[in-house]
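Once you've had a glance at the structure underneath, I'll fire off some questions.
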Amino acid sequence: MNFDFSPDQRSLREQARKFLTEQSSSVRVRRILDGAAPYDAELWRGMGEMGWIGTAIPEPYGGAGFGYLELCVLAEELGRSLAPTPFASTIYLAAEALLLAGTDAQKKRWLPRIAQAEAIGCLALAEGAHVATADNIATRVTGGRISGTKLPVMDGDVADFAVVAAAESSGHAGLFLVDLKGAGVTRTSVSTVDPTRSHARIVFDGAAAEPLGAGDGGWPLVERLLDRAAVLVAFEQVGGAQAALDMAREYALGRFAFGRQIASFQAIKHKLADMYVGVELARSNAYYGAWALSKDAKELPVAAAAARVAASEAYYQAAKENIQVHGGMGFTWEFDCHLHYRRAKLTGLMLGSTRRWKDLLIARLEAAA
Amino acid sequence: MDFDDTREEAEFRKEVRQWLAANAEPKSGAFETWQSRYPGRDGYEGLERAKEFQAKKADAGFAALHWPVEWGGRALPPIYQVIYSQEETKYLVARGYFEIGLGMCMPTLFAFGTEEQKRRHAPVALRGQEVWCQLFSEPGAGSDLAGLRTRAQKNGDEWVINGQKIWTSGAHWADWAILVARSDPKAAKHKGLTFFFLSMKTPGIETRRIKQISGASHFNEVYFTDVRIPDSQRLGAVGAGWGVAITTLMNERLTSGDLRGPDFEEIFGLARSVGLEDGPAIKNSAVRERLADIYVKTQGVRLTRFRTMTALSRGETPGPENSIGKLVNAPKAQEIASFAMDLLDMGGVVMDKDTAPLRAAFQESLLSSPGGRIAAGTDEILRNIIAERVLGLPQDVRVDRDLPFDQLPTGAR
């Protein structure tokens with residue numbers, strides 16, 4: 001048994017950390033936070049040049065053909081550095097949907113462009129302020145034309161194509177591919193709690209849509225896609241949680257009150273210890289998810305749900321307590337604490353809430369028992 | 001990243017399976033421990049049977065896989081201990097008898113004892129013929145272990161011990177013990193300690209069992225009245241006992257941390273079998289949410305141990321990050337017990353083994369689990385360890401660090 005990343009994968013992590021320390025510094029992230037640009041295009045191009053975007057895309061489709069473990073390593077570093085790019089939408093969701101179910105023609109059309117950082121993809125699933133399910137999806141596809149409203153769609157304002165959850169007129173829900181540059185697509189940016197990641201409302205009004213793959217994946221395909229993304233997002237969350245813990249630690253060591261470092265008070269020490277425990281439990285659950293994803297193991301549905309629950313909660317805990325440790329400075333715009341606080345809540349909801357994933361986890365354990 | 005056994009590991013697992021199938025006792029269906037199967041003669045029946053099994057286990061070479069070959073081990077990487085434990089857990093395991101001796105006392109003896117002492121003690125300890133206990137905690141020195149007051153006074157080639165220890169697991173049936181005592185009350189607290197080992201049959205030792213809230217008696221008070229220990233049984237230098245004790249305690253982190261009461265599988269099984277006012281408990285969303293929390297913690301600890309074992313297999317030293325397992329599992333055990341009883345509603349209070357689910361394992365755990373949060377490092381001490389040794393935060397302000405020990409203030413408790 002070997003429950004760790006390989007030396008090559010660890011050197012990829014070092015390389016990624018070095019690159020992102022410069023290219024996704026706080027200053028760079030704040031350009032997106034404060035500016036009008038939806039994402040850091042320079043960073044995105046740089047990631048393409050590093051070969052990261054095509055990491056897990058097979059070589060026949062223009063990728064590097066590495067495995068998911070390498071992708072998990074990158075995800076952790078992207079989460080740590082809050083990289084403001086459409087990586088998650090494009091890679092964990094759109095490319096992954098194509099790889100899971102796309103026809104060869106669909107893969108050939110999009111994957112090579114994705115790998116070159118020339119195309120951005122997204123997943124259009126939610127339809128407003130409620131849970132999206134197979135039964136309540138209102139977006140409809142009739143005769144190859146799609147109509148309906150999706151909100152919010154992460155990176156929907158900048159994406160070239162979308163993987164859209166919609167129902168056929170028969171009521172059968174599944175995934176469809178839509179070229180967002182075509183007719184019948186209206187996109188408007190929407191503000192969210194995390195301005196470092198852009199989101200859109202997409203209104204489809206008779207846009208051309210084709211079923212993803214043979215079109216027989218149905219809703220189980222949506223769940224399989226979300227499971228795979230859950231593992232990858234869990235690594236981003238672990239990276240972010242670790243960064244928030246590191247920030248809290250640094251601040252507590254440097255801040256003096258009552259004549260001592262605040263890091264010497266047990267109220268602070270125990271808080272940080274609890275953050276550490278949360279991060280480590282999340283990391284271990286995420287590692288297991290990485291293993292299951294890389295082997296396409298039958299344990300993946302349970303492992304992915306556990307990784308998602310643990311990582312969402314650990315990140316939120318670390319991000320909110322990081323603000324608390326910083327005291328008043330922690331809730332200023334100037335300090336970076338809020339960047340993780342925002343991202344923690346965003347990542348905790350982007351694939352569905354923790355509440356729902358806990359329910360899924362138990363349902364899957366029941367099915368396995 | 002790979003959970004499959006290597007070829008060597010698979011061969012070892014096969015060997016373990018064959019041996020256990022021929023020698024270990026199968027569990028009966030219900031939740032059962034060695035102690036609950038063999039409660040006779042105040043627990044001594046369980047001890048005798050455990051010794052029989054331990055001898056067979058040692059003869060087969062499974063009793064201390066990571067020990068050097070010359071002391072009956074196989075010098076195997078720690079991953080083999082995990083494999084053995086995974087297989088042994090499928091059977092009724094004789095736990096709680098030899099862990100202290102083999103996991104803590106012998107490693108200390110290996111580090112500080114003479115060759116003759118190791119030869120005398122290791123083989124018989126390994127076969128379970130002699131049981132060891134650890135005389136550390138005192139009424140006035142628990143979390144603050146270095147505040148211990150039991151006196152060791154040099155008299156010729158001997159040391160004379162007077163004082164009291166407490167919370168000593170298994171002292172009532174132990175043959176040998178390790179002991180840390182104060183040899184110099186004028187020195188600062190950590191600098192006046194000396195470490196020994198001694199026979200529990202030495203005149204002047206009196207052992208009294210402590211009845212716990214669970215009704216069980218795992219611990220003892222041990223009184224010393226002019227107990228004489230030859231200087232040859234001192235481990236480490238005079239005044240260097242704290243460093244020796246740290247060696248012992250570092251090994252404790254490797255041995256403790258397993259949850260021995262009902263765990264996720266048991267509470268999950270209970271939720272699937274009992275009904276609430278609105279149907280099966282497992283279908284209740286509040287129940288499902290709590291079950292998910294417990295599962296994620298349980299898996300997190302198990303998988304964190306795999307990460308530790310991977311590091312150990314690479315030859316890295318076990319670090320304080322191992323404190324996580326107990327810090328998570330001990331409160332979790334208490335939560336599981338209380339949650340299970342809530343699911344049983346008014347009937348949850350019943351402890352009758354023939355009536356309560358899993359032969360009252362949840363109710364017993366309610367009463368035993370508070371101890372898990374205290375023994376071998378309280379929740380609070382473990383958080384300090386993580387904060388100080390893993391995260392590198394400053395130690396607490398210590399008012400007692402440099403004062404002579406006999407000038408420290410003391411309270412009534």
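A short reminder: the numbers here are calculations on the coordinates, not readings from a lab. As the structure is a prediction and not an experimental result, all values here were calculated from the model. Glycine gets a Cβ as well: all are built from the backbone with ideal geometry, and neighbour counts include every protein chain shown.
Find the relative contact order for chain B and round it to a whole percent, using C-alpha pairs within less than 8 Å whose residues are 6+ positions apart.
So the answer I get is 13 percent.
Separate question: Can you tell me which of B:Glu88, B:Glu206, B:Glu15 moves the most in a GNM of chain B? Springs connect C-alpha atoms under 10 Å apart.
Per the Cα network of chain B with a 10 Å cutoff, B:Glu15 tops the list.
State to the nearest 20 debye the size of the charge dipole of the protein assembly as shown about its Cα centre, where the only charges are +1 on K and R beta carbons and -1 on D and E beta carbons.
It comes to approximately 1060 debye.
Quick one: among B:Gln153, B:Gln164, B:Gln395, which has the greatest mean-square fluctuation in a GNM of chain B with alpha-carbon springs under 10 angstrom?
Checking each option, the largest mean-square fluctuation is seen for B:Gln395.
Express the relative contact order of the stretch A:121-216 as a whole percentage, based on alpha carbon pairs under 8 Å and six or more residues apart in sequence.
Contact order relative to length: 32 percent.
Looking only at other chains, what is the average number of their beta-carbon atoms within 10 angstrom of each beta-carbon in A:281-294?
Mean shielding by partner chains, rounded to a whole number: 4.
Can I ask one more? Please work out how much length the chain gains when fully extended from A:Ala363 to A:Ser11, using 0.36 nm per residue of separation minus the C-alpha to C-alpha distance, in nm with one decimal.
Full-extension gain reported as 122.9 nm.
While we're here: Report the one residue of A:Pro152, A:Leu175, A:Thr142 whose Cα lies farthest in the direction of the positive end of the charge dipole of the stretch A:121-216 (charges on C-beta: Lys and Arg +1, Asp and Glu -1; origin at the Cα centre).
A:Pro152
Next up: How big is the charge dipole of chain B about its Cα centre, in debye rounded to the nearest 20, if each Lys and Arg gets +1 on its Cβ and each Asp and Glu gets -1 on its Cβ?
Computed about the Cα centre, the dipole is about 540 debye.
Hey, any idea what the orientation-averaged projected area of the convex hull of the stretch B:40-152's Cα atoms comes to, in nm²? Provide the component values of the computation, followed by the final result.
Details: hull surface 37.0 nm².
Over all viewing directions, the stretch B:40-152 projects a mean Cα-hull area of 9.3 nm².
Quick check: residue separation of B:Ala111 and B:Ala55 times 0.36 nm, minus the Cα distance between them. What number comes out in nm?
Values: separation 56, 0.36 × 56 = 20.16 nm, distance 2.42 nm.
So the extension gain works out to 17.7 nm.
Against the longest principal axis of chain B, how steep is helix B:323-343, in degrees 0 to 90 to the nearest 10, with axes from Cα atoms?
40
If you restrict to DSSP beta bridges whose two residues both lie in the protein assembly as shown, what percentage is antiparallel, to the nearest 5?
The antiparallel fraction comes to roughly 85 percent.
Next question, about the same structure. Quick one: which residues, 5 or more positions from A:Leu212 or on another chain, have an amide H under 5 Å from its amide H? H modelled 1.01 Å from N in the peptide plane, none for Pro or chain starts.
It is A:Leu175, A:Phe176, A:Leu177, by chain and number.
Report the calculated FRET efficiency for B:Arg37 and B:Glu265 (r = Cβ-Cβ distance, R0 = 22 Å), to the nearest 0.05.
The computed FRET efficiency comes out at 0.65.
With springs connecting C-alpha atoms under 10 Å apart, model chain B as a Gaussian network and identify which of B:Gly372, B:Gly103, B:Gly215 has the largest mean-square fluctuation.
It is B:Gly215.
Here is a follow-up. Just want to confirm a number: the relative contact order over chain A, from Cα pairs under 8 angstrom separated by 6+ residues, in percent. Don't skip to the end; give the middle numbers.
Numbers: 696 pairs, mean separation 55.7, N = 369.
This gives 15 percent for chain A.
Turning to a different aspect of this structure: Where does the protein assembly as shown land on Rg/Rh, using Cα atoms and the Kirkwood Rh?
1.02
Which residue, B:Tyr44, B:Ala21, B:Gln54, has the largest displacement toward the positive end of the dipole of the stretch B:7-97 when charges sit on each Cβ (Lys, Arg +1; Asp, Glu -1)?
B:Ala21
Report the label-to-label distance for B:Asn155 and B:Ser199 in nanometres (one decimal), using points 7 Å from each Cα along the Cα→Cβ vector.
1.8
Can you list the residues, at least 5 places off or on another chain, whose amide H is less than 5 Å from the amide H of B:Ile210, using H built in the peptide plane?
Amide H to amide H, under 5 Å and 5 or more residues apart or across chains, B:Ile210 pairs with B:Phe219, B:Asn220, B:Glu221.
From zero outward in steps of 10 Å, how is the percent of C-alpha pairs of the stretch B:256-390 spread across the bins?
The percentages, shortest bin first, are 12, 37, 31, 15, 5, 0.
Ok, one more. Per-residue HN-Hα couplings for the stretch B:98-103, Karplus 6.51 cos²θ - 1.76 cosθ + 1.60 at θ = phi - 60°, whole Hz, x for Gly and Pro?
Result, ordered by residue: 10, 4, 5, x, 7, x Hz.
Apply the Karplus parameterisation 6.51 cos²θ - 1.76 cosθ + 1.60, with θ equal to phi minus 60°, to every residue of the stretch B:348-358 and state each ³J(HN,Hα) to the nearest whole Hz, in sequence, with x for glycine and proline.
Result, ordered by residue: x, 6, 5, 10, 5, 4, 7, 10, 6, x, 6 Hz.
I've got another one for you. Nearest 0.05, what FRET efficiency do B:Glu45 and B:Gln18 give at R0 = 35 Å with Cβ-Cβ as r? Don't jump to the answer; show the numbers that get you there.
Values: r = 28 Å, r/R0 = 0.80.
In this case the efficiency is close to 0.80.
Further question on the same structure: Where does the protein assembly as shown land at 222 nm, in deg cm²/dmol rounded to the nearest 500, when only DSSP H runs of n ≥ 4 count, each adding -39500 (n - 2.57), divided by all residues?
Result for the protein assembly as shown, helices only: -14500 deg cm²/dmol.
Sticking with this structure for a sec: Hey, could you get me the Stokes-Einstein D for the stretch A:7-115, Kirkwood radius over alpha-carbon pairs, 37 °C and 0.692 mPa s, rounded to whole µm² s⁻¹? Present the calculation step by step, with values, prior to reporting the outcome.
On the way: Rh = 14.3 Å.
Value of D from the Cα-based Kirkwood radius: 229 µm²/s.
Here is a further query. Based on the alpha carbons, how large is the Rg to Rh ratio for the stretch A:58-209 when Rh follows Kirkwood? Mind dumping the intermediate values first?
On the way: Rg = 15.4 Å, Rh = 15.9 Å.
Rg/Rh: 0.97.
Hey, which of these cross-link pairs are over 19 Å Cα-Cα: A:Lys320/A:Lys345; A:Lys269/B:Lys189; B:Lys14/B:Lys57; B:Lys165/B:Lys211; A:Lys298/B:Lys297; B:Lys118/B:Lys154?
Over 19 Å Cα-Cα: A:Lys269/B:Lys189; A:Lys298/B:Lys297; B:Lys118/B:Lys154.
Along the three principal axes, how long is chain A when you take its alpha carbons, biggest first, rounded to the nearest angstrom?
For chain A, the Cα spread along each principal axis is 73, 49, 38 Å.
Placing +1 on the Cβ of each Lys and Arg and -1 on the Cβ of each Asp and Glu in the protein assembly as shown, which of B:Trp167, B:Leu367, B:Gln299 has its Cα farthest towards the positive end of the resulting dipole?
Result: B:Trp167, furthest along the dipole toward the positive end.
Continuing with this model, one more query. Give the shape of the stretch B:12-67 as rounded, prolate or oblate, defined through the alpha-carbon gyration tensor: a ≥ b ≥ c are the square roots of its eigenvalues, a/c under 1.5 means rounded, and otherwise the shape is prolate if a/b is larger than b/c and oblate if not.
Numbers: a/c = 2.71, a/b = 1.51, b/c = 1.80.
It comes out oblate by the Cα gyration axes.
Sticking with this one: What is the distance, in nm, between label points placed 7 Å from the Cα along the Cα-to-Cβ direction at A:Leu100 and at B:Ser232?
According to this spin-label approximation, the distance is 7.2 nm.
Compute the convex hull volume of the Cα atoms of the stretch A:219-368, divide it by the residue count, and report the result per residue in Å³ as a whole number. Mind dumping the intermediate values first?
Details: hull volume 15.3 nm³, N = 150.
That works out to 102 Å³ per residue.
When the chain is fully extended, how far beyond the present Cα-Cα distance does A:Lys108 get from A:Thr149, taking 0.36 nm per residue of separation?
Separation in residues times 0.36 nm, less the Cα-Cα distance, equals 12.0 nm.
When averaged across all projection directions, what area in nm² does the alpha-carbon convex hull of chain B cover?
Averaged projected area of chain B's Cα convex hull equals 22.3 nm².
Let me ask another. Go through the stretch A:212-226 residue by residue and turn each phi into a ³J(HN,Hα) via Karplus (6.51, -1.76, 1.60, θ = phi - 60°); whole Hz please, and just put x for glycine and proline.
6, x, 6, x, 10, x, x, 5, x, 5, 4, 5, 5, 5, 5
Answer rounded, prolate or oblate for the stretch B:193-338, using the Cα gyration tensor with square roots of eigenvalues a ≥ b ≥ c: rounded when a/c is under 1.5, else prolate when a/b is larger than b/c, else oblate.
It is oblate, given that a/c is not under 1.5 and a/b is not larger than b/c.
Next question. Using a simple spin-label model with points 7 Å from Cα along the Cα→Cβ vector, what separation in nm is obtained for A:Ser169 and A:Lys298?
Here the modelled spin labels are 4.2 nm apart.
Which aspartates and glutamates have a Cα lying under 15 Å from the Cα of A:Lys181, excluding residues fewer than 8 positions away in the same chain?
A:Glu118, A:Asp155, A:Asp157, A:Asp160, A:Asp205, A:Glu210
Where the centre of each part is set by its Cα atoms, how far does the stretch B:187-248 sit from the stretch A:15-46, in angstrom?
60
Shifting gears a bit: Can you give the charge dipole size of the stretch A:45-195 about its Cα centre, rounded to the nearest 20 debye, using +1 on the beta carbon of Lys and Arg and -1 on the beta carbon of Asp and Glu?
440
Once the Cβ-Cβ distance between A:Val27 and A:Leu349 is put in as r, and R0 is 30 Å, what FRET efficiency do you end up with, to the nearest 0.05?
My answer for the efficiency is 0.65.
With the Cα gyration tensor of the stretch A:194-247 giving a ≥ b ≥ c as the square roots of its eigenvalues, does the rule (a/c under 1.5 for rounded; else a/b larger than b/c for prolate; else oblate) give rounded, prolate or oblate?
Values: a/c = 5.15, a/b = 1.71, b/c = 3.01.
Oblate shape, in that a/c is at least 1.5 and b/c is the bigger or equal ratio.
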